[in-house]
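The values are calculated or read from the model by the stated rules, or taken from the named source; none is laboratory data. Treat the numbers as computed from the prediction; the structure is a model and nothing was measured. We place every Cβ from the backbone using ideal geometry, glycine too, and count neighbours over all the protein chains shown. Please note that ligands, DNA and RNA were not included when accessible areas were found on the heavy atoms of the full protein model with its side chains. Shrake-Rupley method; radii C 1.70, N 1.55, O 1.52, S 1.80 Å.
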Amino acid sequence: MTTAVLCPTWSRPVQAAVPPFTEAGLRRVLEKVQRWAPYVDGLLLDDVAAVLDDHTPTEDEVDKHAQRLRGHLMRLVHLAVASSAAERDERIAHLVERGRAVRSEEMPGDHRRAVGHIRRMAWTTDELLDLLIADQCLTEAP
């Protein structure tokens, strides 16, 4: 649909603006934006630091840390793959594979080995974060 606009210097018909979404579509987009969780937040660095700190996590803390680190690690892996950073940088591709492997390993029953497992997961997460920042997939550390 076109509409004539009265303007002293321009008398051409102008097409009416068409919003990109209906009201329901805009609400759906708003809900998705509100549910969105950033790939990196302050909790990632806190969780990595808690595991790599001098304090050895207790048996109760190991499972909690493992679950949180798995989530952080997989968000970074997905970001590296989706942004094609893993295709551009061999080091990122290596960390993506290592992250997938360490995440899929079963948690050892022995406490000392379980702590070693979550520390490997934390180091992989930290290294992948650093490389993604250097590759500009993420603008800066939180």
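Annotation: His55 fulfils all but one of (1) open to solvent by 90 Å² or more (accessible area, probe 1.4 Å); (2) within 20 Å of the chain's Cα centre (by Cα); the unmet one is (2). Of all residues in segment 82-92, those satisfying the criterion of being under 11 Å from Leu132 (Cα atoms) and among the aliphatic types (A, V, I, L, M) are Ala85, Ala86, Ile92.
Are any residues in segment 98-142 free of Cβ contacts under 8 Å to residues at least 40 places away in the same chain and exposed (fewer than 13 other Cβ atoms within 10 Å of the Cβ), and if so, which ones?
Once the filter is applied, which keeps residues that are free of Cβ contacts under 8 Å to residues at least 40 places away in the same chain and exposed (fewer than 13 other Cβ atoms within 10 Å of the Cβ), segment 98-142 yields Ala101, Ser104, Glu105, Glu106, Gly109, Asp110, Arg112, Arg113, Gly116, Gln136, Thr139, Glu140.
Quick check, is Ala37 modelled with pLDDT of 90 or more, of a type in the set (Gly, Ala, Ser), open to solvent by less than 100 Å² (accessible area, probe 1.4 Å) and farther than 14 Å from Leu129 by Cα? It is false that Ala37 is modelled with pLDDT of 90 or more, of a type in the set (Gly, Ala, Ser), open to solvent by less than 100 Å² (accessible area, probe 1.4 Å) and farther than 14 Å from Leu129 by Cα. Can you pull out the residues in segment 74-106 that are farther than 15 Å from Cys137 by Cβ, at pLDDT 90 or above and in contact with a helix residue (DSSP H, G or I) (Cβ under 6 Å, 6 or more places away or on another chain)? Matches in segment 74-106: Arg98, Val102. Each residue in segment 40-49 was checked for being surrounded by 16 or more Cβ atoms within 10 Å (Cβ to Cβ) and at pLDDT 85 or above, and 4 of them qualify.
Yes or no, residue by residue, for (1) modelled with pLDDT of 90 or more; (2) of a type in the set (Phe, Trp, Tyr); (3) under 28 Å from Glu97 (Cα atoms); (4) touching a helix residue (DSSP H, G or I) at 6+ places or on another chain (Cβ under 8 Å):
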| position | (1), (2), (3), (4) |
| --- | --- |
| Gln15 | no, no, no, no |
| Ala24 | no, no, no, no |
| Arg27 | no, no, no, no |
| Val51 | yes, no, yes, yes |
| Glu59 | no, no, yes, yes |
| Lys64 | yes, no, yes, no |
